[in-house]
Structure formats: C-alpha cells, structure tokens
Amino acid sequence: MLLDRRELMKGAAALGLGFGCLIAPNATAVAQGIPKKGGTLRLGMEGGSASDSLDPRTYADSIPISYGYQIWNGLVEIGPDGGATGELLESWEPKPGAKEWIFNVRKGVTFHSGKSLDADDVIYSINLHRGATKSAAKDLLSSITDIKRLSATQVQITLSEGNLDLPYNLSDFHILVVPNAFADFSKPDGTGAFMLETFEPGVRVVTKNTDNYWKPGRGNFDSIELQYIPDATSRLQALLTGQLDAINRLDPRTVDIISTAPDTAVLQTKGTGNHFAFVALCDTDPYFNLDTRLALKYGIDRKKIVDIVYQGYATIGNDTTISPSNKYYAEAIPQTAYDPDKAAFHYKKAGSPKLELKVSDGAYSGATDAGVLYQEAMKQAGIDLTVTRVSGDGYWSNVWRKEPFCAVYWGPRPNIDLQLSQTFMSISNRNDTHWKRPDFDKLVIAARVETDDSKRRQMYGDAQKMIHDDGGMVCYAIGDYLDGYSKKVQGATPHPRYDMCDQRIAEKGWFA
C-alpha cells in the first residue's frame, strides 16, 4: 500500500518535471505584494465529507473551517505570531483573578442581511455552544457561569474559575458569530467577506464576495470555488495543470514536483503542524490495561514512519499533542524509542490480547501507510497487530471516538491550555482516548491562573508527563504543513495554528 517513488518519477516525467527540493523551512515560497481585487480562487482540499454541515457547531475538519471563515467571522483571531488579536470582539480586559472579563464589540460591522452587529449577537453566538448542545466547543466554554450585555457594544463574561487564556478559548473555529436568534444555518447570514452561493457537501462549496468587507486589505477575490478532492494525487495534478490555484495536505513525496515546476510553489510551516497519532480507548478492553498501552508505544518505529511516509517533513512525536515549538514543551521527558523487547514484555504481561487498528486516508493522508509500517514493527516484537482499512466518508462520525483503536490527527491549538483541555481533560467531549485523571484536570485548571511563569512551566511539564507515561495516545509524528499554490496567488504565509493561512487564504489572499 506504500506509494512507489518510481511511479511519482514517471508522473513527473510525463509532466516535464524533475526532482530537486527548493523549499525553505518556516518561510513562504509565495510572493507578496500590494493586495488587488478580482478573480476566482479555486481551492482543492482534503478534509471534509458528504455529511458536512453549514452549522459551525458540527465542524470537525479543514473544509468546513475554510468555508466557515469565508462566510462568518470569529470573536478572536489568532495572528501569525500565535497571539490572540481582536476580530468581532475588538478588545478585552480581565479583572484581577481573571474570573471576570469585559469585552468590547467591534463597531460598524454589518451582517450580509444588513443587520448591524451588537452585543446581543455575540451573546447568542457564544450561548449556541453552552448548555444543551452537541457543539465541540462546549467544553471550552464550560467555565462560563454568566454572560451579559453591558451595552450595545460591551459584554461581561464571568467564569467559575479564573482563566488568563479566555480569549484563546474564544478563538475556536466553532465559535462563529451569527445574528441574535438565528437558527436556519441552511441560509447563512454572516459578517465574512463572502456569501454562500452553492453548498454541495462532499463535492463543492461556492461563495461570492459581498463587496463591502470590513477588514481593510482582505476579501479580495470575486468568488471562491472550493472542491472536495480527498485524493492527494488528484489534487496535485489539478494544481500542476492549472485547474486549481491552491491545495492542502501535500503528500511529502510530491513536494519536489511542485517546488520545481515553473508555475507552482510550496508553502511549508515547520514543526507546528498536525499531530498524527493512533488512539486507544483507555476504558475499553484491552486498552484499559496500561501494559497494553505501553506495548503500543514501544512497538512503533516512529523514525521509520517519519522517514518513509513523511520523507522527513515531520518531527518525531512523543505521545502528546504538544510540539517542540510550543513555549511550554516539556524537553525533560525522554523520547520513547522503538524497542521490540520492551513491547513484547508489556504485551505478554497484558495477556497477549488481540489488537486491531482502524485506519483510513480519509482521516489524513499517510494514515494507512503509517499503519502498515506500524504492523511490520510490531511483528518484530512478536505482536500481531491487525490493520483494517475503513472508508474515509463519515470517518469522524463513524470511526473516531467509537472504535477502540484508530487513526486520528490533532491540529495545533493557539495555546497549551486549549491543547491539553480539549484533548485530555476528563470532561472534554473531544477526549478521544477516554483517559481520565482528576489530578491531571486539577493541574491544568490551576495552571490557567498561575502568573509565575516558571511555576506554570513546571505544571504544564508535569501534565505532559502524565499523558506520556499513562495515556492512550500513540503520537508518532508532528507533520509540517505543506500547501501547494499557483505562483499567481499572493498573501499566503505560514501560520502557527492551521494550514492554508489558518484556513483563511480565501480571506487573506489575492492574485498578482
């Protein structure tokens, strides 16, 4: 099932291309200039399915995030430096202890319907993710005990416990701003640069410029055509032949093709990309046994996967979702190395249980190949790991958080509290390992209000060690973000949170 490099060479030769990498880490390969208006941006993306919805509460992958940011705006934007900056909430100030916050609503912004943005819209939009809701952002806002209007342009939020990072929580891509009492998401009414024209989930989404976007220098394209193209080779060929202007999630083995072609370029963001992992449910047989989980961690050859599947465009993972680029990354935790003898020891101690891993390239490109290499590595430890390939369509609703052991990726969050809280806290509805430790929860909550940075660093380090030693995640690689662009696209720059300019290339870009 591994992609044959000779086949790539044949395809490159047929297109008149050669191999030779011209990519620079942490730098854009896309030219910059003065923003200009006009043109249709054609996007080809992986990261969606026929079950996608326009309702932001349901978003689970890149394509919905992309069209969500085209139509709507968030409360807080994450800047290129990783910091929280004002979007529809223009500014904010916490009171001592960070339990009470005052947020100022941006003035002069209107919805596509003509309604002016005010505090009631903000309150309603936040409350969509509180209480009786299936929103994936519910846990992020669970500490809010009260939210009230102080004026048409000011909102007060009160928390059950202090949180110095509340603006980062409000930057979550699910929390998009809709008009007060808005309910029909099939007819979206947003403040974004584009209005919906066509919505065919699993096929394409088309939006049209509103011609009166409130952000200077942004919203430059006349329209956006976003196509669902889950196959990496199809996306590549469409970009190289000029049928698309930008694609996401490049197969690392094809980077050379794009970077040496005359009309295309690669944008790489090093060391802050998706965390690729296999996750086991810690409350399910046989994975509730720590020895089973340790066998899984010692039995994977991470370096081999990074070298073969990702062609070196990744960093070796260490079973958490905190990357080495994070300010609070725990460097003291030793890297778990491939050790067949230790894997065999713990597997036998666990009673030699039956192990099955569900994978799909619908989860992320390379998941199947990584699973096959994992299977081979486990064989060397005398462990039979069954790898079952499943459909990518509906993967996030049918497989993730349901199957006992499956493939998953986690995109980076703008701060460590969000990364730890969403992925590993007991109350999180996105805790895909069902790993629950009250001492971990208390530690993360306490770190939210710790103003002594050295103490905060120690607390986050201790939290990471708990996950590393005891958790059910086998994070084997942190991939570089690799996007492909036509050289006529400008405004594309690396971003520390998500690829495709934090999934805002439609808003931020323009044509030369």
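Please treat every number below as a calculation from the coordinates, not as lab data. All figures in this text were calculated on a predicted structure; none of them were measured in a lab. Virtual Cβ from ideal backbone geometry, glycine too; neighbours counted across all protein chains shown.
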If the cut-off is 20 Å between C-alpha atoms, which lysines fall inside it for Lys134, apart from same-chain ones fewer than 8 positions away? Lys402
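Would you mind checking Lys138/Lys358; Lys297/Lys354; Lys208/Lys508; Lys442/Lys465; Lys436/Lys465; Lys342/Lys465 for any pair whose Cα atoms are more than 22 angstrom apart? Can you show the working numbers first?
Working: Lys138/Lys358 28 Å; Lys297/Lys354 16 Å; Lys208/Lys508 15 Å; Lys442/Lys465 15 Å; Lys436/Lys465 14 Å; Lys342/Lys465 19 Å.
Long pairs (Cα-Cα over 22 Å): Lys138/Lys358.
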Compute from the Cα atoms of the chain the Rg and the Dmax, the latter being the longest Cα-Cα distance, and quote both in angstrom. 22.7, 67
Return the Cα extents of segment 76-169 along principal axes one, two and three, sorted largest first, each rounded to a whole Å. 37, 34, 27
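So if a site counts as exposed when it's one of the GluC sites (Glu not before Pro), its DSSP state isn't H, G, I, E or B, and it has at most 13 other Cβ atoms within 10 Å, what's the longest stretch of the chain without one?
On the way: sites that count: Glu161, Glu331.
Value returned for the longest uninterrupted segment is 332-512.
What is the dipole size for segment 195-244, taken about its Cα centre, with +1 at each Lys and Arg Cβ and -1 at each Asp and Glu Cβ, in debye to the nearest 20? Kindly include the intermediate steps, with their values, before the conclusion.
Details: 5 positive and 6 negative charges, 38 e Å.
The calculation lands at about 180 debye.
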Taking every pair of Cα atoms in segment 275-479, average 1/r, invert it to obtain the Kirkwood radius, and report Rg/Rh to two decimals. 0.95
Once amide H atoms are placed 1.01 Å from N in the peptide plane, what residues at a sequence separation of 5 or more from Leu117, or on another chain, have their amide H within under 5 Å of its amide H? Val109, Thr110, Phe111
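Where nothing but the Cβ of Lys and Arg (+1) and of Asp and Glu (-1) is charged, how large is the charge dipole of segment 53-132 around its Cα centre, in debye to the nearest 20?
Values: 7 positive and 11 negative charges, 37 e Å.
I would put it at about 180 debye.
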Between segment 436-512 and segment 82-144, what is the separation of their alpha carbon centroids in Å? 21 Å
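Rounded to two decimals, what is the ratio between the C-alpha radius of gyration of segment 213-300 and 2.2 N^0.38 Å? Please report the intermediate quantities before stating the final value.
On the way: Rg = 20.3 Å, N = 88, 2.2 N^0.38 = 12.1 Å.
Against the compact-globule rule of thumb, the ratio is 1.68.
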Where does the charge balance sit around Ala132 when Lys and Arg score +1, Asp and Glu -1, over other residues with C-beta under 13 Å from its C-beta? +4
Size of charge dipole - the chain - debye, nearest 20, with Cβ of Lys, Arg +1 and Asp, Glu -1, no other charges: 240 debye
Antiparallel %, DSSP beta bridges [both residues in segment 275-479], to 5: 70 percent
Once phi is turned into ³J(HN,Hα) by the Karplus curve 6.51 cos²θ - 1.76 cosθ + 1.60 with θ = phi - 60°, what whole-Hz value does each residue of segment 482-499 show in order, with x for glycine and proline? 10, 10, x, 9, 5, 5, 7, 7, 10, x, 8, 9, x, 9, x, 9, 10, 6
Along the positive direction of the dipole of the chain (beta-carbon charges: Lys, Arg +1; Asp, Glu -1; about the Cα centre), which of Ser391, Thr321, Thr133 reaches farthest? Thr321
Whose amide H sits under 5 Å from the amide H of Thr320, counting only residues 5 or more places off or on another chain, with H placed in the peptide plane? Cys475
Hz values of 3J(HN,Hα) by residue in segment 185-199 - Karplus curve (6.51, -1.76, 1.60), Gly and Pro given as x: 6, 6, 10, x, 10, x, 10, x, 6, 10, 10, 6, 10, 9, 10
Which aspartates and glutamates have a Cα less than 17 Å from the Cα of Lys304, not counting those fewer than 8 places away in the same chain? Asp4, Asp251, Asp319, Asp339, Asp369, Glu376, Asp480
